[in-house]
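Q: Attaching a single structure in structure tokens format; questions to follow.
Every number in this text was worked out from the coordinates using simple rules, so none of it is lab data. Worth saying up front: this structure is predicted, and the values here are computed from it rather than measured. No Cβ is skipped: glycine too gets one built from the backbone with ideal geometry, and neighbour counts run over all protein chains shown.
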Amino acid sequence: MRDRQSIHGSWASRWTFILAATGSSVGLGNIWKFPYIAGENGGGAFVLVYLACIGLVGIPIMMAEVLLGRRGRQSPTNTFRELAVEVGSSRRWAWLGLCGVVAGMMIFGFYSVVSGWVLAYVVYAAEGSFVGAGVDQIGALFAGLLADPQELVIWHTLFVILVAGVVARGVTKGLEVAIRILMPLLFILLLLLLVYAMTSGAFGQAVYFLFHVDFSALSWNAVLVALGHAFFTLSLGMGSMMVYGSYMPKNASIGGTVLIVAALDTLVALAAGLAIFPLVFLNQLDPGAGPGLMFVTLPVAFGHMDGGQIFGFLFFAMVAIAAWSSAISLLEPVVAYVVERFRISRLEACVILGGIVWVLGVGALTSFNIGSQWSLGGMNFFDLLDFLTANVLLPLGGLLVCIFAGWWVGRRITREELSMRSEWVFTAWFFVIRYVAPAAVAVVFIANLWQKVAG
Ligand code: PHE
């Protein structure tokens, strides 16, 4: 078969792919969402289910996405079409890529709002707003931010510009340059914070909370949240990993590379939990505080520790970097598709798509103020975007990727592209992609629907 080339460029090496894919996967999902949903869903048992989802479903699907992307060398939409044609199937598989485009923009809509809060908090921390403040004061600060649509729009706009600016510069000059600077910075900051948390006195309590397994606290809904989060945190089910795979060098081994990315992502989530919960317990705060955990609980802790102003600043700077590198990967598949489809420049695509996600984000941020009365099924627009993407579209996208890779593209091509040293490992992967992963997603979906209908 002729080797395809991507018109968008390619990563300099396998390590650049690892950095970029880790940049994509490590984000608000790890630092903001994981600790708070673990807190809401009771800790240990939830964490165990989440880890099982990463290993059993997430890693195999990430391998599938990367291999499909590298084989097709185009945006996810066109890759699905091209590969479907290659195996003599329907071009309509391209629709799956389009669903990913929609999911990506929806995620961006609420992601950018939270990233905007993070940017605001970088400034608050630097100004010393947390110093000596109690829960009430920080709660009021956060509530004040949420109630002010103008301020939210400013931060959200800044974030969209930061992300679209990088994507507009292209794969080599934009994404690669940004990733090479941001990722080392991110790891240094995280390590610093972790060392602080380990020496802070309540570390043991945090370890107990995250790893003490009590299954009586687990519901089917919690399992769905864990599964959905495995997709969200690994950036699966909407084409991010596919598009990054399409820029991957031909000779790099996919299995080993994906393992490194997933391991780093998991380590960062656990490290974030282990950095956050000691501070929560030390200050007798509530681990189940929800989305506000990072924005209310944590600043209170920062406000009461030595060097808290610096640590608070470093922490939110780190979160901003993580969010930035993830959001780049939310926009890239969409931009790549529009550039291929409409033959416009990257800059034009970024302006148009940046505009669309900006509007979505503005819609999402009104959920906390002027649009708070608007709700559907008990969820405001912001929650709806989060729920529909993480708990519905991404797992569904992942399920269809399994079906496409396992049943349509099939054994010969996936084997060739993965070119694993061990035939046994390949067979195990193929079995998981064909049966185990799709069944797991289906069971969790059905159990949830059942639970909703039944009660
Ligand atoms: N993985 C990112 C995070 O954990 C979010 C993301 C989801 C990015 C889907 C790209 C695609 O924050």
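Q: Within a 10 angstrom radius of the beta carbon, how do Val177, Val319 rank from fewest other beta carbons to most? Mind showing how you got there, number by number?
A: Working: Val177 13, Val319 28.
In increasing order of surrounding Cβ atoms, one gets Val177, Val319.
Q: Given the DSSP H assignment, sum -39500 (n - 2.57) over each helix run of at least 4 residues in the chain and divide by its residue total; what's the result at 222 nm in deg cm²/dmol, nearest 500? Mind showing how you got there, number by number?
A: Values: 21 runs with 314 residues, N = 455.
Calculated mean residue ellipticity at 222 nm is -22500 deg cm²/dmol.
Q: At most 15 other Cβ atoms within 10 Å and a DSSP loop assignment: could you name the trypsin sites (Lys or Arg not before Pro) in the stretch 359-455 that fit?
A: Working: sites: Arg411, Arg412, Arg415, Arg421, Arg434, Lys452; in loops: Arg421.
When the trypsin sites (Lys or Arg not before Pro) of the stretch 359-455 are filtered for loop state and at most 15 Cβ neighbours within 10 Å, Arg421 remain.
Q: Helix 308-342 against the longest principal axis of the chain: what's the angle in degrees, Cα atoms only, rounded to the nearest 10?
A: Around 30 degrees separate the two axes.
Q: On a full-extension model of 0.36 nm per residue, what is the gain between Ala442 and Asp286, subtracting their alpha-carbon distance, rounded to one decimal in nm? If you can, show how the numbers build up before the last one.
A: Values: separation 156, 0.36 × 156 = 56.16 nm, distance 3.38 nm.
Gain on extension, Ala442 to Asp286, equals 52.8 nm.
Q: Of Tyr337, Leu190, Met379, which is farthest along the charge dipole of the chain in the positive direction, counting Lys and Arg as +1 and Asp and Glu as -1 at C-beta?
A: Result: Tyr337, furthest along the dipole toward the positive end.
Q: Let me ask another. Mind jotting down the three principal axis lengths of the stretch 206-263 based on Cα atoms? Whole angstrom, largest first.
A: In descending order, the Cα extents are 47, 24, 16 Å.
Q: Another question, if that's okay. If you bin the C-alpha pair distances of the stretch 80-132 every 10 Å from 0, what whole percents do you get?
A: Going out from 0 Å in 10 Å bins, the stretch 80-132 shows 22, 23, 19, 15, 12, 8, 1 percent.
Q: Considering just Cα atoms, how many Å³ per residue does the convex hull of the stretch 185-311 enclose?
A: 150
Q: Using Cα atoms only, what is the angle between the long axis of helix 220-233 and the major principal axis of the chain, expressed in degrees (0 to 90) to the nearest 10?
A: So the helix axis and the longest Cα principal axis differ by about 70 degrees.
Q: Considering the options Tyr124, Val171, Pro35, tell which one lies farthest towards the positive end of the dipole of the chain, charges being +1 on Lys and Arg and -1 on Asp and Glu at the Cβ, about the Cα centre.
A: Of the options given, the answer is Val171.
Q: DSSP loop (so not H, G, I, E, B), at most 13 other Cβ within 10 Å: list which chymotrypsin sites (Phe, Trp or Tyr not before Pro) in the stretch 356-454 pass both filters.
A: On the way: sites: Trp358, Phe368, Trp374, Phe381, Phe382, Phe387, Phe404, Trp407, Trp408, Trp424, Phe426, Trp429, Phe430, Phe431, Tyr435, Phe445, Trp450; in loops: Trp374.
Passing sites in the stretch 356-454 are Trp374.
Q: From the Cα gyration tensor of the stretch 338-398, with a ≥ b ≥ c the square roots of its eigenvalues, which class applies: rounded if a/c is under 1.5, or else prolate if a/b is larger than b/c, or else oblate?
A: Values: a/c = 4.49, a/b = 1.57, b/c = 2.86.
In terms of gyration-tensor shape, oblate.
Q: Does anyone have the angle between helix 394-403 and the longest principal axis of the chain? Alpha-carbon axes, 0 to 90°, nearest 10?
A: Around 20 degrees separate the two axes.
Q: Test of the criteria: in the stretch 241-281, which chymotrypsin sites (Phe, Trp or Tyr not before Pro) are in a DSSP loop and have at most 12 other Cβ atoms within 10 angstrom of their Cβ?
A: When the chymotrypsin sites (Phe, Trp or Tyr not before Pro) of the stretch 241-281 are filtered for loop state and at most 12 Cβ neighbours within 10 Å, nothing remains.
Q: Note down the relative contact order for the chain as a percent, whole number, built from C-alpha pairs under 8 angstrom at least six residues apart. List each step's numbers first, then the result.
A: Working: 716 pairs, mean separation 160.2, N = 455.
Relative CO of the chain lands at 35 percent.
Q: Counting only Cα atoms, I'd like the Rg/Rh figure for the stretch 247-304, Kirkwood definition for Rh.
A: Working: Rg = 17.3 Å, Rh = 13.7 Å.
Looking at the stretch 247-304, the ratio lands at 1.27.
Q: Something else: Placing one identical point scatterer on every Cα of the chain and ignoring solvent, what is log10 I(q)/I(0) from the Debye formula at q = 0.10, 0.13 Å⁻¹?
A: -0.68, -1.18
Q: How much length would be gained if the chain were fully extended between Ser372 and Ser216, taking 0.36 nm per residue of separation minus their Cα-Cα distance, in nm to one decimal? The partial results should precede the final answer.
A: Details: separation 156, 0.36 × 156 = 56.16 nm, distance 3.45 nm.
Computed gain between Ser372 and Ser216 is 52.7 nm.
Q: With N set to the residue count of the stretch 379-455, report its C-alpha Rg divided by 2.2 N^0.38 Å to two decimal places. The partial results should precede the final answer.
A: On the way: Rg = 16.2 Å, N = 77, 2.2 N^0.38 = 11.5 Å.
For the stretch 379-455, the normalised Cα radius of gyration is 1.41.
Q: Which of the lysines could be linked to Lys250 by a straight reach, that is with a Cα gap under 27 Å, when you skip same-chain ones fewer than 8 residues away?
A: List returned: Lys173.
Q: Another question, then. Just to verify a number: FRET efficiency for Met379 and Asp148, C-beta to C-beta distance, R0 = 22 Å, to 0.05?
A: Values: r = 22 Å, r/R0 = 1.01.
The pair Met379/Asp148 has a calculated efficiency of 0.50.
Q: Once you have the Kirkwood Rh of the stretch 192-233 from its Cα pairs, apply Stokes-Einstein at 37 °C and 0.692 mPa s and quote D in µm²/s. Don't skip to the answer; put the middle values down first.
A: Details: Rh = 12.5 Å.
After rounding, the answer is 262 µm²/s.
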